[in-house]
Amino acid sequence: MNFPLNLAVNGTASLSQVGNYVYYSTGSAGGADQSIKVKTDAGDEYILKPGQGFRLDGRSFNNLLFSNNANAATIVGTVLIADGGFFDNRVAGSVEVIDGGKARTLGGGAFMGGVQGGSTAGQYTHVQIWNPAGSGKNVIVESVTYSSGGNGGIYMRTNAAALGSLLGNGPAKLANGALSAAELRYQTLAAFAGGGNMLVLNLAAGQFSTFTFKEPVVLKPGNGFLVIQTIGGNDVNAAFEWYEESNA
């Protein structure tokens with residue numbers, strides 16, 4: 001049987017359930033350490049990360065005590081408790097797909113935000129998701145939606161300098177959740193900023209497109225990701241989807 005977990009910092013949860021098998025199915029702590037400590041009334045104690053579990057051979061428990069092991073952030077997840085009659089008839093070697101995205105959102109670690117860069121004659125408009133130095137987080141960018149009021153093209157690049165104007169920190173996908181460590185920024189410049197192009201895409205005025213990365217772009221602290229309008233004097237808009245993990 002599956003049971004939900006919600007462990008605040010220094011929090012515990014007790015469960016009265018007979019069994020001999022515990023499996024930590026899913027868990028998210030907004031990018032922080034999501035390990036839990038499990039104590040049985042049979043005297044056993046385990047520290048588990050998502051995907052780990054234990055079985056008591058020839059013995060059973062009647063009560064379990066769960067606690068937040070690292071006490072870094074609230075942990076939201078699920079555990080599976082079973083007894084000696086538990087079996088798994090899935091094909092050996094099959095991959096279990098876990099809804100980690102929802103758990104990440106509930107844990108306050110998933111974000112989405114848009115930023116608009118206005119136009120300046122003769123200059124190139126840049127917008128950016130920026131991971132400040134000292135944030136303690138890796139920012140993992142999954143997709144970018146972009147548009148402009150004018151025809152042109154799009155360059156997507158990484159860089160290591162924040163753009164000059166700050167819109168704000170990114171909103172959480174969890175309603176009323178804490179803001180992201182990542183910042184949404186914009187600036188017009190006389191030349192293109194950043195390094196080599198990761199993507200070069202055409203852009204039709206008034207139309208939006210979304211690019212989803214096959215593997216995400218990872219921004220360590222002190223790095224950013226740019227979306228640039230290639231035609232001077234045109235605006236550009238971008239909406240980023242990302243999540244955060246600890247950089248420790």
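Observations on the structure shown:
- Qualifying residue in the stretch 88-98 (condition: at pLDDT below 95, surrounded by 15 or more Cβ atoms within 10 Å (Cβ to Cβ) and of a type in the set (Ser, Thr, Tyr)): no
The rows are residues; the columns are (1) without any contact (Cβ under 8 Å) to a residue 24 or more places away in the chain; (2) of a type in the set (D, E, K, R); (3) in contact with a Phe, Trp or Tyr (Cβ under 9 Å, 6 or more places away or on another chain); (4) within 23 Å of Phe192 (Cα to Cα).
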site: Gln123; (1), (2), (3), (4): no, no, no, yes
site: His126; (1), (2), (3), (4): no, no, yes, yes
site: Trp130; (1), (2), (3), (4): no, no, yes, yes
site: Gly136; (1), (2), (3), (4): no, no, no, no
site: Val141; (1), (2), (3), (4): no, no, yes, yes
site: Thr145; (1), (2), (3), (4): no, no, yes, yes
site: Gly149; (1), (2), (3), (4): no, no, no, yes
site: Ser165; (1), (2), (3), (4): yes, no, yes, yes
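- Summed over the stretch 182-235, residues that are of a type in the set (Ser, Thr, Tyr) and over 14 Å from Glu142 (Cβ atoms) total 4.
- Residue ID - least open to solvent (accessible area, probe 1.4 Å), chosen from residues in the stretch 180-208 that are without any contact (Cβ under 8 Å) to a residue 60 or more places away in the chain, among the hydrophobic types (A, V, I, L, M, F, W, C) and part of a strand (DSSP E or B): Leu203
- Ile47 meets each of the listed conditions (1) at pLDDT below 90; (2) aliphatic (A, V, I, L, M); (3) open to solvent by 60 Å² or more (accessible area, probe 1.4 Å) apart from (1).
- Restricting attention to the stretch 50-80, the residues that are within 28 Å of Glu245 (Cα to Cα), open to solvent by less than 40 Å² (accessible area, probe 1.4 Å) and touching a Gly at 6+ places or on another chain (Cβ under 8 Å) add up to 7.
Yes or no, residue by residue, for (1) part of a loop (DSSP other than H, G, I, E, B); (2) open to solvent by 50 Å² or more (accessible area, probe 1.4 Å); (3) over 24 Å from Ala121 (Cβ atoms):
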{"site": "Thr210", "(1), (2), (3)": "no, yes, yes"}
{"site": "Glu215", "(1), (2), (3)": "no, yes, yes"}
{"site": "Val227", "(1), (2), (3)": "no, no, no"}
{"site": "Ala239", "(1), (2), (3)": "no, no, yes"}
{"site": "Glu244", "(1), (2), (3)": "no, no, yes"}
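The values are calculated or read from the model by the stated rules, or taken from the named source; none is laboratory data. All values reported here derive from a predicted model rather than from experimental measurement. Counting neighbours? That spans all protein chains shown, and the Cβs are built from the backbone with ideal geometry, glycine included. SASA here: full protein model, heavy atoms, side chains in, ligands and nucleic acids out. Shrake-Rupley method; radii C 1.70, N 1.55, O 1.52, S 1.80 Å.
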